[in-house]
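Participant: The structure under discussion is supplied below as structure tokens; questions concerning it will follow.
The values are calculated or read from the model by the stated rules, or taken from the named source; none is laboratory data. All values reported here derive from a predicted model rather than from experimental measurement. Glycine gets a Cβ as well: all are built from the backbone with ideal geometry, and neighbour counts include every protein chain shown. What goes into the accessible areas is simple: the full protein's heavy atoms, side chains included, and nothing from ligands, DNA or RNA. Shrake-Rupley method; radii C 1.70, N 1.55, O 1.52, S 1.80 Å.
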Amino acid sequence: MTRIVVLGGGFGGMEAIRVLDKRLGHRTDIEILLISDKNYLLFTPLLPQVASSLVEPRHIVQPIRDIRGRRRFRFRRDRVERVDLAARRVHLAEGVVDYDRLVIALGGVTPTFNIPGVERHALEYKTLEDASLLRDHLIDLAEHADHEPDPAVRRRMLTVCVVGGGYTGVELISELQDLFESYVVPTYRGIGPADYRLLLLEASPEILRGVHPTLAEKARRRLWHEGIEIRTSTRVTRVDAGVVEVESGQTVDVGLTVWAAGVKGHPALAGLAVERDRLGRVLVNGHMRVPGHPEVYGVGDAITIEGHPEASIPIIPAALAHARLAAENIVAELAGRPPQTIEFAPQGMLVSLGEKHAVVEVLGVRFSGYPAWLFWNALHLYKLVGFRKQVQVALDWGLAQWFPRDTAIMREPPHCAVCAHTRPRRRDAA
Ligand SMILES: Cc1cc2nc3c(=O)[nH]c(=O)nc-3n(C[C@H](O)[C@H](O)[C@H](O)COP(=O)(O)OP(=O)(O)OC[C@H]3O[C@@H](n4cnc5c(N)ncnc54)[C@H](O)[C@@H]3O)c2cc1C
């Protein structure tokens, strides 16, 4: 029996499993096993809309067992702790699994660049839990700011600083602007338009690197028009509860800091004796194989492809292309055929800028504004896995035109270090 193990149930892992199951699922001498710590596939492009209470968290995830349906592959919900390449064994939180072929698709994590205070005092923004927690924090801040009598304190409480001017940071801050403008200000009687402040900090000289300069400039102007402050060439050097310090030594008082600063290699792969790039992502060759270990393939955000920088960017289409090739190369290898080499170049870029605005480049065509926003919505609805989820998200969007956002706080944000200074002060209790 040949066992093919895929690690990670994200875009890369699910695509690898789909192709492997389609091509090899009928073979009784082959076992296909997917291992992931989450039992669902998360549709990350809609995470900003979860943070802004526009879309319900459950509507952007699809349970893996539903996706599997009648397919043959097995699924094990478990956490990968490390991989022993020499023994061909994966160490999990609840046991070990041996493999004959391995596809690593564990994604990446957000780098903190060893900046003091980030882990403790900033919110991460990568998983469904992160987006839900961010949402609850934002609403909690609004609830407390609503009865804060001092306008300066109120504005500080409602200052949200997003660090990272890539498309994730830009899409998030645009959604937050919508949340404040269309929900918080009209709903909370103690909060006015001048009481909130949204700040985007980016270390490089431009936001939206990788997006065509014309579109990046349009996006910058749009954010500026919406009143979002953008500071480029601004490196964060420390984060504290309620304070962000930048390179010049200047500090900014904030209510909440969100860290959205790129992707680095997965910590469970840190112990592998393999080559990596400067971000700690595992180096694979053009066949998606880890050099020196032809039975091990890597795909998605966890890896970088030697000699193919354009194919190594951390976006969904790249992860899907890697995964399809890795799966096809496993099939080819088992059939005694030579492997294929990656051929991928991004076909465009779509960046949502909140309600009724986006910038889009597809197959060399660039457009922005309302048509781009319609295109963004239509494409992402189409790409959502499962008809039920498509209906649920379309309903969320439709209902938002007529009804207020559902901002019930589901989990009381813990007494945390992220916005400790905003805890209710009891001085007015009497
Ligand atoms: C907020 C946000 C918005 C984004 N928006 C877009 C967008 O609009 N368009 C776009 O193209 N890309 C977008 N991306 C990037 C895109 O999500 C990634 O490039 C893509 O998900 C990479 O796929 P992957 O399979 O490598 O990793 P992932 O999709 O992250 O999957 C990794 C999987 O591994 C699992 N896993 C992690 N650690 C372990 C472990 N120790 N044990 C077991 N399982 C584990 C995870 O739970 C997950 O299921 C966005 C990312 C974020 C964070």
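Participant: Suppose accessible area is computed on protein heavy atoms with a 1.4 Å probe; arrange 132, 233 from highest to lowest.
Facilitator: Sorted by accessible area, descending: 233, 132.
Participant: Moving on. What residue among 238, 135, 289 shows peak mean-square fluctuation when the chain is described by a Gaussian network model with Cα springs under 10 Å?
Facilitator: 238
Participant: In what sequence, largest accessible area first, do 306, 343, 412, 148 appear using a 1.4 Å probe?
Facilitator: Result of the area sort, largest leading: 343, 412, 306, 148.
Participant: Separate question: What Kirkwood Rh does region 1-132 have if only Cα atoms enter the pairwise 1/r average? Answer in Å.
Facilitator: Over region 1-132, the inverse of the mean reciprocal pair distance is 16.3 Å.
Participant: Can you figure out the FRET efficiency of residue 206 with residue 412, using R₀ = 35 Å and their beta-carbon distance, to the nearest 0.05?
Facilitator: After rounding, the FRET efficiency stands at 0.35.
Participant: Can you list, bin by bin at 20 Å, the percent of alpha carbon pairs in the chain, starting at 0?
Facilitator: 25, 55, 19, 1
Participant: Express in Å², to the nearest 10, the accessible area of residue 395 obtained by rolling a 1.4 Å probe over the protein heavy atoms while all chains stay in place.
Facilitator: 100 Å²
Participant: Among DSSP beta bridges lying fully in the chain, give the percent that are antiparallel, nearest 5.
Facilitator: 50 percent
Participant: Counting only the heavy atoms of the protein chains, how much of residue 410 is accessible to a 1.4 Å probe, in Å² to the nearest 10?
Facilitator: Roughly 150 Å² of residue 410 is accessible to a 1.4 Å probe.
Participant: Can you list the residues of region 204-239 with backbone N under 15 Å from a point 7 Å past the Cα of residue 251, pointing along Cα to Cβ?
Facilitator: 237-239
Participant: Once every DSSP H run of n ≥ 4 in the chain is given -39500 (n - 2.57) and the sum is divided by its residues, what mean residue ellipticity at 222 nm do you get, rounded to the nearest 500 deg cm²/dmol?
Facilitator: Details: 11 runs with 126 residues, N = 430.
About -9000 deg cm²/dmol.
Participant: Just to be sure I understand the model, the point goes 7 Å from the Cα along the line to the Cβ. What's the resulting residue 229 to residue 39 distance in nm?
Facilitator: 4.6 nm
Participant: Estimate the FRET efficiency between residue 28 and residue 82 by the formula 1/(1 + (r/R0)^6), using the beta-carbon distance for r and 41 Å for R0, to the nearest 0.05.
Facilitator: Numbers: r = 31 Å, r/R0 = 0.75.
Computed FRET efficiency for residue 28 and residue 82 comes out at 0.85.
Participant: Which value, in debye to the nearest 20, gives the size of the charge dipole of region 117-249 about its Cα centre, when Lys and Arg are +1 and Asp and Glu are -1 at the Cβ?
Facilitator: Using only the charged Cβ atoms, the result is roughly 460 debye.
Participant: Compute the long axis of helix 213-225 from its Cα atoms, compare it with the longest principal axis of the Cα atoms of the chain, and write down the angle in degrees, 0 to 90, nearest 10.
Facilitator: 30 degrees
Participant: On full extension of the chain, what length is gained from residue 89 through residue 65, given 0.36 nm per residue of separation minus the C-alpha to C-alpha distance?
Facilitator: Once the chain is fully extended between residue 89 and residue 65, it gains 6.2 nm.
Participant: Given 0.36 nm per residue, what is the gain on full extension from residue 310 to residue 143 after removing their alpha carbon distance, in nm?
Facilitator: 55.6 nm
Participant: Net charge around residue 275, counting only other residues with Cβ within less than 12 Å of its Cβ (Lys, Arg = +1; Asp, Glu = -1)? Walk me through the numbers on the way to the answer.
Facilitator: Values: positive: 276, 278, 281; negative: 277, 306.
Residues near residue 275 contribute +1 overall.
Participant: First check a/c for region 142-249, with a ≥ b ≥ c the square roots of the eigenvalues of its C-alpha gyration tensor; if it is under 1.5, answer rounded, and if not, answer prolate when a/b is larger than b/c or oblate otherwise.
Facilitator: In terms of gyration-tensor shape, oblate.
Participant: Expressed in nm to one decimal, what extension gain is obtained for the pair residue 276 and residue 377 from 0.36 nm per residue of sequence separation less their Cα-Cα distance?
Facilitator: Contour length minus the Cα-Cα distance gives 32.8 nm.
Participant: Are there chymotrypsin sites (Phe, Trp or Tyr not before Pro) in region 98-171 that DSSP marks as loop and that have at most 16 other Cβ atoms within 10 Å, and which are they? Intermediate results must be reported in sequence, preceding the final value.
Facilitator: Values: sites: 99, 113, 125, 167; in loops: 99, 113, 125.
Hits after loop and neighbour filter: 113.
Participant: Same structure, new question: Nearest 0.05, what FRET efficiency do residue 337 and residue 388 give at R0 = 41 Å with Cβ-Cβ as r? Spell out each step's value before the answer.
Facilitator: Details: r = 39 Å, r/R0 = 0.94.
Here the calculated transfer efficiency is 0.60.
Participant: For helix 128-145, report the angle its Cα long axis makes with the longest principal axis of the Cα atoms of the chain; keep it between 0 and 90° and round to the nearest 10°.
Facilitator: Roughly 0 degrees between the two axes.
Participant: I would also like to ask the following. Would you mind checking 356/389; 264/356; 126/389 for any pair whose Cα atoms are more than 25 angstrom apart?
Facilitator: 264/356
Participant: So, one more: Roughly what percent of Cα-Cα pairs across region 195-245 reach past 17 Å?
Facilitator: Values: 555 of 1275 pairs.
More than 17 Å apart: 44 percent of the Cα pairs in region 195-245.
Participant: Still on this structure: Given Cα pairs under 8 Å that are at least 6 residues apart, what percent is the relative contact order of the chain?
Facilitator: Details: 875 pairs, mean separation 82.8, N = 430.
Over the chain, the number comes to 19 percent.
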